[in-house]
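Structure first, then comments.
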Amino acid sequence: MDYFLTEDQLMIQDLARQIAEEKVMPVRAELDEKEEFPRELMKHFAEADLFRLNIPEAYDGMGLGGFEHALAVEQVSRVCCGVACTYAASGLGAYPLLLFGSEDQKKKYLPQIAGGTLAAFALTESTAGSDAGGIQTRAVLEGDEYVLNGTKQWITNAGEADIYSVIALTDPSRGPRGASFFIVEKGDPGFSFGKREKKMGIRCSATGELIFNNCRLPADRLISKEGMGFIIAMRTFDKSRPGVGAQAVGLAQGALEAAADYARTRIQFGHPIISFQAIQHMLADMAASVEAARALVYAVARYIDSGAKDVSKVSAMAKLFPSDVAMKVTTDAVQIFGGSGYMRDYPVEKMMRDAKILQIYEGTNQIQRNVIGQELHKEFGRRGRKK
């Protein structure tokens, strides 16, 4: 389907696909098996300027939007969702700075991120998952420094990133309104890393703990002002959730292609199984779902890039629907492969494991339904009052 991509967008898409096929595909199984962080691949991405896409030109970026970033994420995810997660998570870590950072903060950190220095976003704690208001990490102002204490859990790029956007409570008496965002650098005194998780999927992606033990930060590491933490977090997710949708679309596309190719070569009852109506119908449903998910992600990413303000509902949709599609399509791909699909010799086993996290991180799909439902309640409430 023609999505009317510009020449630049087609170039980004083709470049990301080429790197994914030439650099990522040969090592994806090994990285997954060894749970090895794809540091060398991130260098290839940086050399290809893929980290510059949605960083403004004033900070050594290309000045493009979330849509172009999604195009790149999709192509990498088609080959390996774990590698794509590592790449996309750096963009997530950059969003608080992009959206709310001071000019000095942007000048210092965004050129580094544009050049391939990895970033990370740190909200989740053992008491704060879907209930983001449950964070316990504290930040106390002492003179011209903030002192952080607490532990963050399940942070993507933990220990590998050099720049961290971290939310902490500056005024616990105000609840969620007492949270603030800070920039933490790897190597800051009192900042260390804990357990690195062993995961079902996206195994090459680093997921671990951030530990703050009297971690002292200059006061100018505060992003925006005190009390803005949850506004920054929600605005960040509004921007980033189509990126999760792009991961899902790419992963589902890869699984569809693998299943269709296998069905053409697998002979049963004297015929390739793709000639059987049962398999054709499965592939048809997979293809239709993937295309619908892609159309939604592209439309929402473009809408957000237009500067629209009312994006929470559609951003949640662009994460919810594609990630459910990815889970269904990868499961069906394993079914089409039959017993072979359950074996590590074939990529769909990994794809199915990778797909599950897309329904969980950056807000579970139950939370996305909450967001959509609440926005619909407001929308139809306003309509009712106008009658």
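The values are calculated or read from the model by the stated rules, or taken from the named source; none is laboratory data. Note that the structure is a prediction, hence the values are computed from the model and not measured. Ideal geometry is used to build each Cβ from the backbone, glycine not excepted, and the neighbour counts take in all protein chains shown. The area values use the complete protein model at the heavy-atom level, side chains included, leaving out ligands, DNA and RNA. Shrake-Rupley method; radii C 1.70, N 1.55, O 1.52, S 1.80 Å.
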For the chain, give the magnitude of the charge dipole about the Cα centre (Cβ charges: +1 Lys/Arg, -1 Asp/Glu; no others), in debye to the nearest 20. 1380
Just by accessible area at a 1.4 angstrom probe, what is the order of ARG382, ARG241, ARG138 from largest to smallest? ARG382, ARG138, ARG241
Of the chain, which part is the longest with no chymotrypsin sites (Phe, Trp or Tyr not before Pro) in a loop (DSSP not H, G, I, E, B) and with at most 11 other C-beta atoms within 10 angstrom? 5-268
The answer for PHE193, listing residues at least 5 apart or on another chain whose modeled amide H is closer than 5 Å to its amide H, is ILE211
Set LYS198/LYS309; LYS186/LYS225; LYS34/LYS195 screened for pairs whose C-alpha atoms are more than 28 Å apart: LYS198/LYS309
Only four residue types carry charge here, +1 at the Cβ of Lys and Arg and -1 at the Cβ of Asp and Glu. Report the dipole size of segment 110-255 about the Cα centre in Debye, rounded to the nearest 20. 500
Extend 7 Å from the Cα of ASP220 along its Cα-to-C-beta direction; within segment 115-144, residues with backbone N under 14 Å of that point are 144
Compare the Cα positions of ILE232, TYR346, ILE274 along the charge dipole of the chain (+1 at Cβ of Lys, Arg; -1 at Cβ of Asp, Glu; about the Cα centre) and return the one farthest towards the positive end. ILE232
Residue separation between ALA288 and ASP104 times 0.36 nm, minus their alpha-carbon distance, gives in nm 61.6 nm
Length-normalised contact order for the chain - Cα pairs under 8 Å, 6+ apart - percent: 16
A chain fully extended from GLU142 to ALA308 at 0.36 nm per residue, minus the present Cα-Cα distance, gains in nm 55.8 nm
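May I ask you to derive the FRET efficiency for ILE231 and GLN366 from their Cβ-Cβ distance with R0 = 35 Å, giving the value to the nearest 0.05?
0.95
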Considering the options GLY101, ALA46, MET25, tell which one lies farthest towards the positive end of the dipole of segment 7-118, charges being +1 on Lys and Arg and -1 on Asp and Glu at the Cβ, about the Cα centre. GLY101
Residues of segment 60-79 with amide N under 16 Å of a point placed 7 Å along Cα→Cβ from ALA299: none
Any idea which of PHE181, GLN136, MET200 is furthest toward the positive side of the dipole for segment 120-227, if Lys and Arg beta-carbons carry +1 and Asp and Glu beta-carbons -1? MET200
With only Lys, Arg, Asp and Glu charged, each at its Cβ (+1 for the first two, -1 for the last two), find how big the charge dipole of segment 230-386 is about the Cα centre; round to the nearest 20 debye. 780
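Counting DSSP beta bridges with both partners in the chain, what percentage is antiparallel, nearest 5?
Among the beta bridges of the chain, antiparallel pairing accounts for roughly 85 percent.
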In the chain, what percent of the accessible surface is made up of carbon and sulfur (1.4 Å probe, ligands and nucleic acids excluded)? 52
What percent does the relative contact order of segment 120-227 come to when contacts are Cα pairs within less than 8 Å and at least six residues apart? 31
Using all C-alpha to C-alpha distances in the chain, build P(r) with 10 Å bins and read off the rounded percent in each one. 5, 23, 32, 24, 11, 4, 1, 0
For segment 85-134, what does the accessible surface come to per residue with a 1.4 Å probe? Please give it in Å². 31
Calculated [θ] (222 nm, deg cm²/dmol) that DSSP helices of n ≥ 4 give over the chain, each run adding -39,500 (n - 2.57): -17500 deg cm²/dmol
Computed over segment 323-370: relative contact order in percent, which uses C-alpha pairs under 8 Å that are six or more apart: 34
